[in-house]
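Some notes on the structure that comes next.
The values are calculated or read from the model by the stated rules, or taken from the named source; none is laboratory data. These numbers come from a predicted model, not from an experiment. Cβ coordinates were reconstructed from backbone atoms using ideal geometry, including for glycine residues, and neighbour counts include every protein chain displayed.
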Amino acid sequence: MTTAQHLEVVQTEEGDVLLRRSDADDADAEPLVSLRFSPEVRAMLGERLNDVALAMLGAGMRATTQLASQQTLPGDDGAPHRLH
């Protein structure tokens, strides 16, 4: 039987946004994802920083789900694909 994993998004005192397992034994455990915005971007976004971070995390989770559901294409050698 599998148990559902719950995730949480938190912002550190330094302004980093972290995605981590909410059931982690140690609050200082390595996050699954961390987003670090420069001071310039933090100032530019202001109170909208959390909205942008949540949108970025959501897009990443959707992309991960989509990629995981795709089958390997014929001729795909498993080599990393270059992003431009």
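With respect to L49, determine if the residue is in contact with a Phe, Trp or Tyr (Cβ under 7 Å, 6 or more places away or on another chain) and modelled with pLDDT of 80 or more. Against the criterion (in contact with a Phe, Trp or Tyr (Cβ under 7 Å, 6 or more places away or on another chain) and modelled with pLDDT of 80 or more), L49 qualifies.
If you go through region 17-53 and keep only what is of a type in the set (S, T, N, Q) and within 21 Å of Q5 (Cα to Cα), you end up with S22, S34.
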